[in-house]
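Trainee: Shown below is the structure under consideration.
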Amino acid sequence: MTKETKVRLISAFIVAPFVVACFISYQSLIGLVSAIVLLASSELLFATLKKHRKNGILVVYIALLSAFPLLFGIWFLEQPMELLSGLYIIGIVFTLFIVKNKEIVMEFFGVYSISFIYISMNLSFFIPLYKFYGAAVALLTLTLSWAYDSFAYFFGLSFGRHKLSKVYSPNKSYEGLLGGIFGTFVYTLIYFVIINSFFNYSIPLWYSIAFAIITGIMDTAGDIFESAIKRAYGLKNIGRFMPGHGGMLDRIDGLLFVAPVIYIFLKLFS
């Protein structure tokens, strides 16, 4: 086992139990989502816009992004679009007053917009997942990404030959994708059997196939999307929050695509 792998395992064992513990109640989940949005958006905003020396506006952006899951979970669960639009417009108007250089203003608009949709809105799907489908389903959605990443890494390292994205993420392979989907399917099937047997759930077992495919495709797409951002800005990692894992955004990139699609699937089929 390499030193880097050991560091990754140690940091994961420290952070993962705390994250899982936050699923014990709806209120603690809202706090967790808001905190993660704060960390991940801070990394992206400062990594990409700090060069323009306007840190004050970045702090305002982060406050608005972090406020969305808090307000959404507590008061606006039935009016998410109104909240999203209102907070987004506040940030845009503030940008127009602060950024007077037309050569860079579109970069502020772009990174702020990506941060709002990609990080704040997408991660906030955990709130209705928890509220409408229960803690076990929300926790499964979280661990789906962990399971897929682990299986995809193992299969890709062992059998990877055909590159999935040579431009943005050359280490990913089709073998890793398929192996990750298979491993996630087995994990999800076992998870459903357990919660159906011992808790008040009656989830169809065929959902495990859908969840595995959704996770494989969406987790990979989210990871490649974040890799594209890093390569566009010449960054190896967005941040350094978790030793061995990079920043918070590096850790949740796939999850930001998985959570919304799992929620949409459940809305359509449950």
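The values are calculated or read from the model by the stated rules, or taken from the named source; none is laboratory data. None of the values given here were measured: they were computed from a predicted structure. Counting neighbours? That spans all protein chains shown, and the Cβs are built from the backbone with ideal geometry, glycine included. SASA here: full protein model, heavy atoms, side chains in, ligands and nucleic acids out. Shrake-Rupley method; radii C 1.70, N 1.55, O 1.52, S 1.80 Å.
Trainee: Report, in debye and to the nearest 20, how large the dipole of the chain comes out about its Cα centre when Lys and Arg carry +1 and Asp and Glu carry -1 on their Cβ.
Mentor: Dipole of the chain, to the nearest 20 debye: 800 debye.
Trainee: Still on this structure: Show the residues, 5+ positions off or on another chain, whose built amide H is closer than 5 Å to the amide H of LEU164.
Mentor: LYS172, SER173, TYR174
Trainee: What whole-number distance in Å separates the alpha-carbon centres of the stretch 36-62 and the stretch 203-270?
Mentor: 21 Å
Trainee: Where Lys and Arg each count +1 and Asp and Glu each count -1, what net charge lies around VAL258 among other residues with Cβ under 12 Å from its Cβ?
Mentor: -4
Trainee: Let me ask something additional. Need one word for the stretch 8-120: rounded, prolate or oblate. Basis is the Cα gyration tensor (sqrt eigenvalues a ≥ b ≥ c); a/c below 1.5 gives rounded, then a/b vs b/c decides.
Mentor: In terms of gyration-tensor shape, oblate.
Trainee: Using DSSP H assignments, which helices in the chain have an axial alpha-carbon span of 24 Å or above and a mean Kyte-Doolittle hydropathy of -1.0 or higher?
Mentor: Passing helices, by number: 3-21, 26-49, 55-74, 80-98, 135-159, 174-198, 207-233.
Trainee: Ok, one more. Taking only the Cα atoms of the chain, how large is their convex hull per residue, in Å³?
Mentor: 134 Å³
Trainee: Oh, and also: What is the count of Lys pairs in the chain whose alpha carbons sit under 18 Å apart, if the two are 8 or more places apart or on different chains?
Mentor: The number of close lysine pairs in the chain is 16.
Trainee: Can you give the convex hull volume of the alpha carbon atoms of the stretch 13-68 per residue, in Å³?
Mentor: About 72 Å³ per residue, rounded to a whole number.
Trainee: Pick out which of SER124, SER145, SER25 has the largest mean-square fluctuation in a Gaussian network model of the chain, springs linking Cα atoms closer than 10 Å.
Mentor: Its mean-square fluctuation being the largest, the pick is SER25.
Trainee: Another one. So, with +1 on the Cβ of K and R and -1 on the Cβ of D and E, and no other charges, what is the size of the charge dipole of the stretch 52-131 about its Cα centre, to the nearest 20 debye?
Mentor: With only Lys, Arg, Asp and Glu charged at Cβ, the dipole is about 260 debye.
Trainee: Could you sort TRP75, TRP146 by accessible area so the largest value comes first, with the probe set to 1.4 Å?
Mentor: The residues order as TRP75, TRP146, largest area first.
Trainee: Extending each Cα 7 Å along its Cβ direction at MET106 and SER25, get the distance between those two points in nm, one decimal.
Mentor: The two pseudo-label positions are separated by 4.8 nm.
Trainee: Another one. Kirkwood Rh over Cα pairs of the stretch 122-270 into Stokes-Einstein at 10 °C, 1.306 mPa s: D in µm²/s?
Mentor: So the translational diffusion coefficient is about 100 µm²/s.
Trainee: Quick one: what do you get for the stretch 189-252 if you divide its Cα Rg by 2.2 N^0.38 Å?
Mentor: Compared with the compact-globule rule of thumb, the stretch 189-252 sits at 1.59.
Trainee: Something else about it: Taking a probe of 1.4 Å, how large is the accessible area per residue of the chain, in Å²?
Mentor: Result: 51 Å² per residue.
Trainee: Shifting gears a bit: Just to be sure I understand: with springs between alpha-carbon atoms less than 10 Å apart, which residue in ILE114, ILE181, ILE98 has the highest mean-square fluctuation in the Gaussian network model of the chain?
Mentor: ILE98
Trainee: Using a Gaussian network model on the chain with a 10 Å cutoff between Cα atoms, which of LYS102, LYS163, LYS54 fluctuates the most?
Mentor: Of the options given, LYS102 has the highest mean-square fluctuation.
Trainee: What three numbers, in Å, describe the spread of the alpha carbons of the stretch 112-191 along their principal axes, ordered from the longest?
Mentor: 42, 39, 12
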